[in-house]
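Have a look at the structure below, then the notes.
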Amino acid sequence: MGRLQYLLCFFLLCLISSDQGLVKGVVGLACNWGTQSTHPLQANIVVKLLKENGFNKVKLFEADPAALKALGKSGIQVMVGIPNEFLAPLASSVQVAVNWVQQNVSTYISRYGTDIRYVAVGNEPFLQTYKDSFLNTTFPALQNIQAALIKAGLGKQVKITVPLNADVYQTESGLPSGGDFRSDIRDLMISIIKFLSDNNAPLTINIYPFLSLYDDPHFPVDYAFFNGSSAPVVDGSISYTNVFEANFDTLISALEKNGFSSMPVIVGEVGWPTDGDSNANIDYARRFNQALVDRINQGQGTPKRRTAPDIYLFSLTDEDAKSVRPGNFERHWGIFYFDGAIKYQLDMGNGKPLVPAKGVKYLARQWCVMSPEASISDPNLPNSIAYACSYADCTSLGYGSSCGTLDAKSNASYAFNVYYQTVDQRKDACSFSNLSTLTKIDPSQNSCRFEIMIDLGKHETPTRRSFAGRNENPATVMAFVSALILIICGAY
C-alpha cells in the first residue's frame, strides 16, 4: 500500500469516528446513565448528549426499555445492569435467567441493534450496610445469567460482571501492598473471581474518593484529588499521591495475593457530586472530574497496572428520586443537571467543551414562592415545608449545600417551588395554607437554582419515577425534614 493510500485510509477513519459523534483524537469515554428521576430526559435526547460529548460506552443500572431502544445502532457499547432485588429469583432458576436474557438482552441486540457488551449482575451486593442480604444469591444469579447467555448464543459477545463496592477488600497495613479481600466474604469473592476468569469476564469495582472525605473529617483533602500536593503514601518503591490509585492498587494486590494477577478490572463508578454536602460542590467536582477525564484520554493507569482500565464516570445527570440514605449528595452526581444543562465546563479532549442537551421542553416559566404578605412565624409554615419536602427533593437546602445560605423566606420558597415543579405545576399545588403565591420572576439566587421541570407531556413519555422520599425509611426522611425545618424556621 502506497503512502497516498495510507493517508486516504486514515482520512476515512477520521470521518467514521466523526460520524459516530466521538471526540476527535479520543478513543472514547464511558459513563453511568441513571434513570432515578421524577422528570427524566427523553432517551433519544440522552443518547445524542452522550455522543456529542464523546461517550462511547454507557452503563445502565437496569434494563430500561426506552434507553435500550434509543441506544440501538448508536455506536455506543452498553453494560446493562440487574438490580439487587432481582438476584433471588434469578438465583432460584436457570429458566428465570433465560427469560431475563431473552427479554432484556437478545431482543435489543437482534431487533434494535443495541451493542450490549456486558450484563452487570447486581449492584454492590456485598456492601456492608446491606447486612448479607444478597450474600447467598449473587453468585448463583451470576452463574445462571452466564448459562442463559450461552444458551442464547451470546456467551462470547456479552460478558458477565458484578459491580462491587471497594469495601469488599481492605488492607491491614494501611498500604496498597497489604490488600486482601474481606475475611467474611473472602472465599465467596475468590469463587466469583474464578468464575469470571474462567469465562473471560472482568471484575467491576466502584471507587469513591469523595466518600473518603465525607466519612472522615480528618482525611487530607488534597489526597482525594489527582493533582493534589499532600504528602504521598510510600509503599516500598511506590509513592501514591492520590487515594484513587492507592485504592485501585489495593484491589490489584488482593487479586495477586489470591492467584489472579492478570484479572481484568473495570472501574464501574467514580466521580464527584456537586451538592448536598460542604465537600460536594462545583469547584471540587470540576477539579476531580477534569483530572479524571485527562487520565482516561491519556490512557494513564496506576503504579501496579500501567494499562488504563475502562472507567465509567459517575454520573451523566442528576437524579432527584434516588435514595438519600447514603447522604443528601446522592442526588447530585451528574456532570449535567437533571435536564442536561451544563453544571460546569470540562475539556473532554483536545479542547472540546461539554455540549448541553438539545430539544428539551419545559413546563411554564413560573415559580411557586412564599407570599410577600406571609410571615415566617405563621404556625402553618413548618407543616407546609415538611409536606413539600416529603414529596420533593429539598437536599439542596441542607447545611453546606448550594441553597444553604438562603434566608428563612427564601428557604420556604425553595421548598414550595420544588414541590410545585415535581407535581408538574398542578393547579392546586401552590396552595400552602395561604402562605404561597405564583411568580413569573425567577427567584434563583447565586448558586441556588429554583428549577422548572421538564414537560413530560411534550415529549414521548419516558419512564418516570415517583419521588423516593415516600419509599425511604420514614425515620431517615423525617430526620432530614426536621433538621431542615430548624434551619428554615429557627429564626423565629
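Residues that are farther than 20 Å from Trp272 by Cβ and among the polar types (S, T, N, Q) were ranked within the stretch 229-249; the one that is most open to solvent (accessible area, probe 1.4 Å) is Ser237. Return yes when Leu381 is outside the structural domain of Ile296 (by the TED database), over 19 Å from Asp318 (Cα atoms), open to solvent by less than 20 Å² (accessible area, probe 1.4 Å) and modelled with pLDDT of 95 or more and no when it is not. Here the answer is yes, as Leu381 does meet what is asked.
Could you go through the stretch 209-227 and let me know if any residue there is in the same structural domain as Gly276 (by the TED database), open to solvent by 60 Å² or more (accessible area, probe 1.4 Å) and under 23 Å from Val265 (Cα atoms). No - not one qualifying residue is present in the stretch 209-227. Just one residue in the set Ser371, Ser323, Ser315 is of a type in the set (S, T, N, Q) and surrounded by 22 or more Cβ atoms within 10 Å (Cβ to Cβ); that residue is Ser315.
When every residue of the stretch 150-169 is checked against the conditions, at least one turns out to be farther than 20 Å from Ile207 by Cβ, assigned to a helix (DSSP H, G or I) and open to solvent by 40 Å² or more (accessible area, probe 1.4 Å). Within the stretch 77-120, the set of residues being touching an Asp or Glu at 6+ places or on another chain (Cβ under 7 Å) and under 21 Å from Phe55 (Cβ atoms) comprises Gln77, Val78, Gly81. Filter the stretch 264-303 down to residues that are part of a loop (DSSP other than H, G, I, E, B) and in contact with a Leu (Cβ under 9 Å, 6 or more places away or on another chain) and give me whichever is surrounded by the fewest Cβ atoms within 10 Å (Cβ to Cβ). So the residue we want is Pro264.
Is it fair to say Asn99 is part of a helix (DSSP H, G or I), open to solvent by 10 Å² or more (accessible area, probe 1.4 Å) and of a type outside the set (Val, Ile, Thr)? Against the criterion (part of a helix (DSSP H, G or I), open to solvent by 10 Å² or more (accessible area, probe 1.4 Å) and of a type outside the set (Val, Ile, Thr)), Asn99 qualifies. Please specify each residue of the stretch 115-131 satisfying the condition of being farther than 13 Å from Lys57 by Cα and in contact with a strand residue (DSSP E or B) (Cβ under 7 Å, 6 or more places away or on another chain). Matches in the stretch 115-131: Val119, Ala120, Val121, Gly122, Asn123, Glu124, Phe126, Leu127. Scanning the stretch 102-136 for residues that are among the hydrophobic types (A, V, I, L, M, F, W, C), under 21 Å from Leu188 (Cβ atoms) and open to solvent by 30 Å² or more (accessible area, probe 1.4 Å) yields Leu127, Phe134, Leu135. Only residues that are within 15 Å of Gly178 (Cβ to Cβ) and not in a helix (DSSP H, G or I) were counted in the stretch 238-251, giving 2.
Per the conditions (1) open to solvent by 50 Å² or more (accessible area, probe 1.4 Å); (2) assigned to a helix (DSSP H, G or I), the sole criterion not satisfied by Ser183 is (2).
Identify all residues within the stretch 58-94 that are crowded, with 22+ Cβ neighbours inside 10 Å and part of a strand (DSSP E or B); write none if there are none. Within the stretch 58-94, Val58, Lys59, Val78, Met79, Val80, Gly81, Ile82 meet the criteria. Contact map, the stretch 360-381: residues that are farther than 25 Å from Phe336 by Cα paired with residues that are among the basic types (Lys, Arg) and surrounded by 17 or more Cβ atoms within 10 Å (Cβ to Cβ), Cβ distance under 7 Å, separation 6+ or inter-chain. Pairs shown: Met370/Lys409; Ile376/Lys409. Considering only the stretch 221-233, state which residues are modelled with pLDDT of 95 or more and part of a loop (DSSP other than H, G, I, E, B). Scanning the stretch 221-233 gives Phe225, Phe226. The set of residues from the stretch 348-368 being open to solvent by less than 20 Å² (accessible area, probe 1.4 Å) and either at pLDDT below 95 or not aliphatic (A, V, I, L, M) (or both) comprises Gly349, Trp367, Cys368.
The values are calculated or read from the model by the stated rules, or taken from the named source; none is laboratory data. Predicted, not measured: the structure shown is a model, and the values here were computed from it. Methodologically, a virtual Cβ is constructed for each residue, glycine included, from the backbone with ideal geometry; neighbour enumeration extends over all protein chains shown. SASA here: full protein model, heavy atoms, side chains in, ligands and nucleic acids out. Shrake-Rupley method; radii C 1.70, N 1.55, O 1.52, S 1.80 Å.
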